[in-house]
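Only one structure is covered here, and it is reproduced in the block below.
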Amino acid sequence: MNKKLIAIAVAGALATPAAALAQTVYGRFNAEWGLSSGQMDHPTAGSRDSVDGFNSGASYIGFRAEEKLGGGLSVWGQCENRARFGVDTNPAQGAGGFCDRNSAIGLKGGWGNFYLGRWDTAMENNSGNTRFVGSTGFQGAQHMLTEDQTAGIINFAQRVQNSYNYASPNWGGFSFELSTTAQGAALNTTPNSNQDGRIMSMAAKYAGGPLLVWGGYEKHDDNMATASGGLAGSTESMWTVGASYVLGPVKLGFTYTDFDGDATATTDITRSAFLVGADWKITPAGTIRVAYMQAGDYEGSAAAAAPSDQGATQYNIHYIHAFSKRTWGAVYYVRVDNESNGTYNYHGFTSPVLAGESAGAFVVQLQHNF
């Protein structure tokens, strides 16, 4: 039998399973280089007028497979891995094993999608709907909206393991997601054996025409290890709401977050934050993006003993150019202004912006998706 006949025979043998099984390799390469000035007046390590940094966060490679089982039911699996390269602004990022990003196995059909594994919580999975800028990197909004860098008690940008997740179908533009964890799924720590350790999250969204609105709620129930400074029996929660609207070439939007958590057995601490932003498509390939975000002061019964003015603001202005459907580049300026006791920074950047200080960075970014 000649080679041509062998090839035809092999193709015929594989035709049936290939129709039922889809396998995909996908990923993203992302690189940001930034030059920052005004932040290095360090009280113990001397000072520099400027410092540059590199970030390849948000780079990943993944493997996805799906098999149709009949009757509208499919089984699917995904293993996604960090693919950072070079020396990141935060070298500790990237630590973790295989399938260290969104990875799970699930069943889906006309009733929705149920899956088990390591995944962004329902609220975090929807956080990009109206955020405009990225969650990490120099431009990242995560540290002001769903985390904090001053007290280190707010931690709601979560990709948790041991999670159970459900995503509903789309009913005329409306959909929702639910997620929770097994007991013991603490936030990057090992909880005490007597702690429940559950994380519960939900989000709902409506997208129709030019309007998108969404809201989310997440609760961390008794899952912060006391050895890491957490309070046994403590509860932390966050509400998030957002909306965007398209007016011709301009998309406008905002996101608001509100945190409430136990500080001691009898006191609590709260903080709110918001972002407003806009995308203006000035050419078929070019977009101008602006964003302003503000992390508020800590309030609540525990805040009376803490210093005031621990908030910060961040300003972003970008020019983004699409070279193709898969590749784009950007140049942008980002500035962080700390209040007198605020210690916020560019997300993931190791050189600090000191309390009461301001810093700005010019950044060049290139991203390719496949």
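The values are calculated or read from the model by the stated rules, or taken from the named source; none is laboratory data. None of the values given here were measured: they were computed from a predicted structure. Cβ placement follows ideal geometry from the backbone for every residue including glycine, while neighbour counts extend to all protein chains displayed.
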Task: When residues of the range 14-26 are limited to those that are of a type outside the set (A, V, I, L, M, F, W, C) and modelled with pLDDT under 95, the one nearest to Phe362 (Cα to Cα) - done: Thr24
TODO: Could you tell me whether Asp297 is assigned to a loop (DSSP other than H, G, I, E, B) and at negative phi?
DONE: yes
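Please go through the range 274-312 and give me each residue that is over 24 Å from Gly134 (Cα atoms) and not small (Gly, Ala, Ser), ordered by number. Explain how you work it out, then say what you get.
At the first step, the residues of the range 274-312 found to be over 24 Å from Gly134 (Cα atoms) are 298-309.
If the condition is that a residue be over 24 Å from Gly134 (Cα atoms) and not small (Gly, Ala, Ser), then Tyr298, Glu299, Pro307, Asp309 are the ones that fit.
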- [ ] Quick one: in the range 317-359, of everything that is within 20 Å of Leu145 (Cβ to Cβ) and among the small types (Gly, Ala, Ser), which residue is surrounded by the fewest Cβ atoms within 10 Å (Cβ to Cβ)?
- [x] Ser358
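Is it true that Asn223 is under 23 Å from the mean Cα position of the chain (by Cα), at pLDDT below 85 and farther than 27 Å from Arg131 by Cα?
Working: under 23 Å from the mean Cα position of the chain (by Cα): yes; at pLDDT below 85: yes; farther than 27 Å from Arg131 by Cα: yes.
Considered against the rule, which asks whether it is under 23 Å from the mean Cα position of the chain (by Cα), at pLDDT below 85 and farther than 27 Å from Arg131 by Cα, Asn223 comes out as yes.
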- [ ] For Arg131, state whether it is part of a loop (DSSP other than H, G, I, E, B), under 20 Å from Phe370 (Cα atoms) and at pLDDT 90 or above.
- [x] no
